[in-house]
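Asks: Got a structure here, written out as structure tokens. Questions coming.
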2 protein chains.
Amino acid sequence: MKLSTESRVTLNQALSQYGLRSTRQREQVYSTLLSKHDHPTTDEIYTRAKGDMPTISLATVYNCLNTLVDCGLARQVNFERESTRYCLMEAKNVHYAHFHCKHTGKVHDIHIPAPVIAMLQKIMPEGFNAEKVELCFRGTAPCENESSED
Amino acid sequence: MKLSTESRVTLNQALSQYGLRSTRQREQVYSTLLSKHDHPTTDEIYTRAKGDMPTISLATVYNCLNTLVDCGLARQVNFERESTRYCLMEAKNVHYAHFHCKHTGKVHDIHIPAPVIAMLQKIMPEGFNAEKVELCFRGTAPCENESSED
DNA sequence: TTGATTCTAAGAATCATTCCAATTACATTA
DNA sequence: TAATGTAATTGGAATGATTCTTAGAATCAA
């Protein structure tokens, strides 16, 4: 799949904003992402990209995806992969979001008021039946003085 | 740490609902989770649990945690660990939640209306500065006929 | 107590991802 | 255009979290 001139310009601009070069491989991965608007895994992207560029390596696909995320053209459907964390199940009708502090790595509970929950339930289109909801934020938490959770 | 009688009853009831037994190891892991309300990783739980029960194995901690999640006493802070998926970054001020269908494994985009985003921003306590938000649902999507995304 | 079943322990296996060292490609200056 | 320095790519090894496997231990029902 060839990248349109327009998309190439978008890619070039985004990359050069961060002092990065546009390369054949980065164009390929970006083009792969553009060509089908689904939510492929790295391995799927690798397989698709190899159709056009048989020599591309998996490590490069990982690198290119990270680069695209860094320069704001793509995003990860799940936040970074790290060890799964556990907590006790909250009481019925009580909901917490989780806030991951990027500085400390700690996880904080954020209470979600009932009206927000109600609103979230309403955004689901017909036919979608959600059994679990996960809301999480990533950013900076208040400076560490008190003993907060991890 | 000893499990209170009350907590032991809670555990027993939850387990027996699913035809599962209460064992020393399951009590230990549950007790570990109860003793400190943070968001420990499996490995942290393993380390803490070993303080009381030096012979418990990591595999058992994994098993017990899965069991506790299955019977509704605990939950994972992040949904199941699987390959990271990628998509193109949406336009500014346009937000999508992701819906994971537990039958097909496919991921669907759910548009989040602006008022909901505004509401979500307001639930953050003073001092928390969220840079990214991830909202995801898990459940069943409408039956597969049309070509939906993955 | 017996027999059947469930659970645990320990280590091997798996899988996604990152790291590393050796090329290769690129942009710039001479 | 050639030389040079930097950035990017490769391919394989390494890592880390999690699951699998198998044998043995514990528990339950009769």
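Every number in this text was worked out from the coordinates using simple rules, so none of it is lab data. Source: prediction; values computed, not measured. All Cβ positions, glycine included, derive from the backbone under ideal geometry; neighbour counts span all protein chains shown.
Asks: Using helices alone, I'd like the mean residue ellipticity at 222 nm for the protein assembly as shown: each DSSP H run of four-plus residues gives -39500 (n - 2.57), total over residue count, nearest 500. Write out the running numbers ahead of the final one.
Replies: Details: 10 runs with 116 residues, N = 300.
Counting only the DSSP helices, I get -12000 deg cm²/dmol.
Asks: Calculate how many DSSP beta bridges within chain A are antiparallel, expressed in % of all such bridges and rounded to the nearest 5.
Replies: Around 60 percent antiparallel, to the nearest 5.
Asks: Computed over the Cα atoms of the stretch A:1-128, what is the convex hull's projected area averaged over all directions, in nm²?
Replies: Computed as one quarter of the Cα hull surface, the answer is 11.4 nm².
Asks: A further question on this structure: For chain B, what is the number of Lys pairs with C-alpha distance below 24 angstrom, counting only pairs 8 or more positions apart or on separate chains?
Replies: 7
Asks: Need one value for A:118-131: mean number of C-beta atoms belonging to other chains within 10 Å of its residues' C-beta atoms.
Replies: Mean shielding count: 5.
Asks: Same structure, new question: Please give the peptides A:15-27, A:121-133 ranked by average Cβ packing (other Cβ atoms within 10 Å per residue), highest first, as a rough proxy for protection.
Replies: Working: A:15-27: 14.3, A:121-133: 12.6.
In decreasing order of mean packing, A:15-27, A:121-133 become A:15-27, A:121-133.
Asks: How high is the FRET efficiency from B:LYS36 to B:ASP70, r the C-beta distance, R0 22 Å, rounded to 0.05?
Replies: Working from the Cβ atoms, E equals 0.50.
Asks: Okay, moving on. Fewest to most neighbouring Cβ within 10 Å: what's the order for B:CYS87, A:CYS136, A:CYS143?
Replies: A:CYS143, B:CYS87, A:CYS136
Asks: Neighbour counts of other C-beta atoms within 10 Å: give me A:THR5, B:THR84 arranged from fewest to most.
Replies: A:THR5, B:THR84
Asks: Residue by residue through the stretch A:110-126, what is 3J(HN,Hα) from phi via Karplus (6.51 cos²θ - 1.76 cosθ + 1.60, θ = phi - 60°)? Round to whole Hz and write x for glycine and proline.
Replies: Per-residue couplings from phi come out as 10, 5, 9, x, 3, x, 5, 4, 4, 5, 4, 5, 7, 7, 6, x, 3 Hz.
Asks: Scale the Cα Rg of the protein assembly as shown by the rule-of-thumb value 2.2 N^0.38 Å and send over the ratio, two decimals.
Replies: 1.12
Asks: Counting partner chain Cβ atoms within 10 Å of every residue's Cβ in A:70-76, what's the average?
Replies: Counting other chains' Cβ atoms within 10 Å and averaging over A:70-76 gives 3.
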